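Here is the structure we will look at, set down as structure tokens.
The values are calculated or read from the model by the stated rules, or taken from the named source; none is laboratory data. No experiment lies behind these values; they were computed from the predicted model shown. Note: ideal-geometry Cβ built from the backbone for every residue, glycine included; neighbour counts use all protein chains shown. These accessible areas exclude ligands, DNA and RNA; they are computed on the full protein's heavy atoms, side chains included. Shrake-Rupley method; radii C 1.70, N 1.55, O 1.52, S 1.80 Å.
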Amino acid sequence: MPIDLYISNITGTPVYQIYVCDCSDTNCYQIPPLSGVTIPPAFQFSVPNELSGETCFVLRIIVTGK
């Protein structure tokens with residue numbers, strides 16, 4: 001069963017680069033770039049299948065503003 005994550009607020013100007021990593025921050029997977037998305041409103045996405053067996057996650061957000 002997929003795991004959904006929600007981001008309700010990001011400070012900064014889009015474009016956002018969002019990565020979901022395992023808790024060791026070793027295996028990270030980029031969520032498709034958000035060029036036309038402004039947060040808020042909330043943004044929902046599923047955790048990549050490669051991390052489906054993990055029990056915790058690290059969320060890395062890079063605001064590029066381009």
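Measure off, as a whole percent, the carbon and sulfur share of the 1.4 Å-probe accessible area of the chain, all protein chains present.
Values: 2220 of 4270 Å².
Here carbon and sulfur together make up 52 percent of the probe-accessible area.
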- Assuming R0 = 22 Å, what is the FRET efficiency of residue 13 and residue 51, from their Cβ-Cβ distance, to the nearest 0.05? 0.20
- Per residue Cα convex hull volume in Å³ - calculated over the chain: 85
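Residue 5: net charge of surrounding residues, Cβ under 15 Å, Lys/Arg +1, Asp/Glu -1, itself excluded?
Values: positive: 60; negative: 4, 22, 50, 54.
Net of charged neighbours comes to -3.
Which whole-number value in Å² is the accessible area per residue of the chain, probe 1.4 Å? Don't skip to the answer; put the middle values down first.
Values: 4270 Å² over 66 residues.
Result: 65 Å² of accessible area for each residue.
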- Roughly speaking, what is the stretch gain from residue 59 to residue 4, that is 0.36 nm per residue apart minus the C-alpha to C-alpha distance, in nm to one decimal? 18.5 nm
- Most to least accessible of 19, 6 (protein chains only, probe 1.4 Å): 6, 19
